[in-house]
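A quick write-up on the structure given underneath.
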Amino acid sequence: MEIAVDKRQNCAILKIKGDVDLYSSPQARSQIIALVNNKQFNLLVDFTDVTYMDSSGVATLVEALQLTNKNKGKLRLYKLRQAIRDVFELSRLDKVFDIYEDEQSALHGI
Amino acid sequence: MEIAVDKRQNCAILKIKGDVDLYSSPQARSQIIALVNNKQFNLLVDFTDVTYMDSSGVATLVEALQLTNKNKGKLRLYKLRQAIRDVFELSRLDKVFDIYEDEQSALHGI
Amino acid sequence: MPQAIEIKIPSEPKFLKIVRATISHVCETMGFSQEDANNITLAVDEACSNIIKHSYCGASDQLIEVLISIHHDRIEVLLKDFGKKVNVKQIKSRELDDVRPGGLGVHLIKSVMDIVNYENHSEAGNELQLVKYIRKKG
Amino acid sequence: MPQAIEIKIPSEPKFLKIVRATISHVCETMGFSQEDANNITLAVDEACSNIIKHSYCGASDQLIEVLISIHHDRIEVLLKDFGKKVNVKQIKSRELDDVRPGGLGVHLIKSVMDIVNYENHSEAGNELQLVKYIRKKG
Ligand SMILES: Nc1ncnc2c1ncn2[C@@H]1O[C@H](COP(=O)(O)OP(=O)(O)O)[C@@H](O)[C@H]1O
Ligand SMILES: Nc1ncnc2c1ncn2[C@@H]1O[C@H](COP(=O)(O)OP(=O)(O)O)[C@@H](O)[C@H]1O
């Protein structure tokens, strides 16, 4: 897994590539925490190239959601393929997260 | 592996998708032989979506080459990714086959 | 006799991808739908993660055995570890309404698989049997 | 102790993809170049194909064992079958100039791997040891 971070307007776009699993999610977690520590409270996550995600990836995102919420920021996810939507649905978290179709709609009104 | 066959001018374009290995190459072989039996002697093979090829795939293509040559036809391959070029090179067959960059150059002068 | 595939890996997270690739390919050859194949792969992956985290407390040099049996109507996956014996009653995800990081793996495994069976009567370690039936289309 | 991964599959061509996915992932985690990883995957795949074709004469219900050892400087792959004993002297590809279908597998294996060692002193079947060292970049 690799994460490229791109600053746009008042948010950071995290473009994640590869599998987010028990092996890689600690790295995702520390990159997200580093952004929040740098006062980056609006996070957009681009899932276009996320090929797999397990519950440790979901846990990382729940933590990111709590961190951004606490700081009155936003966490928005977009371009999830079906298998990844299914993980959120099975976890009953599809309503807890703000999930968008694409970057444009995720950026809207942030 | 799947092969879609498309008739174009005086040739058949075989678009192969997936891994060509000991499991799938018998199917590739029988599709090629069926085309030759139908007097289709000019064969173009599009490798864009060929993700892997082993020596049984190479063997199938050598047979196709012999069949088309015998019938004064042509066999042309194009859009090979590096790993597949390497298999031809390791087999010292990169000069035996007519290998092209893309469909347009492969169709030229056929 | 069913066809069998066996994989042994060290309890190291970076090798879980091997288990996923194997399960997903086996499911594909068996005729599971893409959705079921993805879900079964997720369930087996979660179960392996739990072995690493809980049975082996994060140690990466222990053994995980994955035994896959291909039946005409179902896939059976048996996961074996040789770590701390689990109290089977404690294997339970958090309440889903109590949103917090973690505590979802067992819920995912149980939502996805038709049979989920923890056993540890054997000499050392634990066994988890996971079964999923092929859904007939239409 | 080196890390070890073990896979057992039936001698059925459709399962070779599992072996390839495993080898290719292991090579990637070990730091082999993409080219070397592809080549090692090819070599192991060719060796498994030869077991199916020659040791097992095409039977698809026999056992292939793949033992992978990860060393800091090399990957070692040991392939075991329990079929017809090979006459090691007969294991030879065709002359490369004699272009005809087939007869390339052993050539590919030998071109790619640093050590290729056929043995069959054991009770039943054959063992093939394949070793590839990691090339230091630059
Ligand atoms: N293989 C296992 N060995 C021991 N305990 C386990 C095992 N799998 C699950 N458990 C127990 O079940 C609980 C719930 O597991 P899970 O839903 O996967 O969430 P998490 O692993 O994030 O805690 C774990 O916290 C643990 O106490
Ligand atoms: N595992 C094996 N068991 C027995 N014979 C083998 C084995 N591998 C290779 N051989 C012998 O070596 C020859 C060359 O193998 P190879 O180069 O792979 O070409 P092919 O398999 O197409 O004949 C085979 O024809 C066979 O006689």
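Observations on the structure shown:
- Among residues that are more than 17 Å from the chain's Cα centre (by Cα) and within 11 Å of ligand 1 (Cβ to nearest atom), C:N50 is not included.
- Looking across the stretch C:1-60, the residues that are in contact with a Lys or Arg (Cβ under 6 Å, 6 or more places away or on another chain), within 23 Å of C:E119 (Cβ to Cβ) and free of Cβ contacts under 8 Å to residues at least 60 places away in the same chain come down to C:T41, C:D45.
- Top-ranked residue in the stretch C:79-94 [being more than 6 Å from ligand 1 (Cβ to nearest atom) and in contact (Cβ under 8 Å) with a residue 24 or more places away in the chain; ranked as farthest from C:D61 (Cα to Cα)]: C:V88
- Listed by first and then second residue, the pairs linking a residue in the stretch C:117-129 that is within 17 Å of C:I40 (Cα to Cα) and away from ligand 2 (no atom under 16 Å from the Cβ) to a residue that is among the acidic types (D, E) and modelled with pLDDT of 95 or more, with Cβ atoms under 7 Å apart and 6 or more places separating them unless they lie on different chains, are C:Q129/C:E76.
Conditions (1) closer than 15 Å to C:A47 by Cα; (2) modelled with pLDDT under 90, marked per residue:
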| residue | (1), (2) |
| --- | --- |
| C:A59 | no, no |
| C:E65 | yes, no |
| C:I68 | yes, no |
| C:R74 | no, no |
| C:L79 | yes, no |
| C:G83 | yes, no |
| C:V86 | yes, yes |
| C:S93 | yes, no |
| C:D97 | no, yes |
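- Check on A:V58, modelled with pLDDT of 95 or more, farther than 22 Å from C:A47 by Cβ and β-branched (V, I, T): no
- In the stretch C:1-27, the residues that are surrounded by fewer than 23 Cβ atoms within 10 Å (Cβ to Cβ), more than 12 Å from chain A (Cβ to nearest Cβ) and in a helix (DSSP H, G or I): C:H25
- If you go through the stretch D:85-108 and keep only what is near ligand 2 (Cβ under 6 Å from one of its atoms) and polar (S, T, N, Q), you end up with D:Q90, D:S93.
- Just so you know, in the stretch B:32-55 the residues that are surrounded by 18 or more Cβ atoms within 10 Å (Cβ to Cβ) and out of contact with any helix residue (DSSP H, G or I) (no Cβ under 8 Å at 6 or more places or on another chain) include one that is farthest from D:A47 (Cα to Cα), and it is B:Q40.
- The condition (being away from ligand 2 (no atom under 16 Å from the Cβ), surrounded by 15 or more Cβ atoms within 10 Å (Cβ to Cβ), within 26 Å of D:E35 (Cβ to Cβ) and of a type in the set (S, T, Y)) is satisfied by just one residue among B:Y100, B:Y23: B:Y100.
- Test: C:V66 is over 27 Å from A:L67 (Cβ atoms), more than 10 Å from every other protein chain (Cβ to nearest Cβ) and in contact (Cβ under 8 Å) with a residue 12 or more places away in the chain: no
- Taken together, B:R76, B:R81, B:R85 contain a single residue that is modelled with pLDDT of 95 or more and farther than 21 Å from D:T41 by Cβ, which is B:R76.
- Within the stretch D:95-130, if we keep just the residues that are hydroxyl-bearing (S, T, Y) and either closer than 19 Å to D:L67 by Cα or more than 9 Å from chain B (Cβ to nearest Cβ) (or both), the residue that is farthest from ligand 1 (Cβ to nearest atom) turns out to be D:Y118.
The values are calculated or read from the model by the stated rules, or taken from the named source; none is laboratory data. The shown structure was predicted, so the numbers you read here are calculated from the model rather than taken from an experiment. Cβ coordinates were reconstructed from backbone atoms using ideal geometry, including for glycine residues, and neighbour counts include every protein chain displayed.
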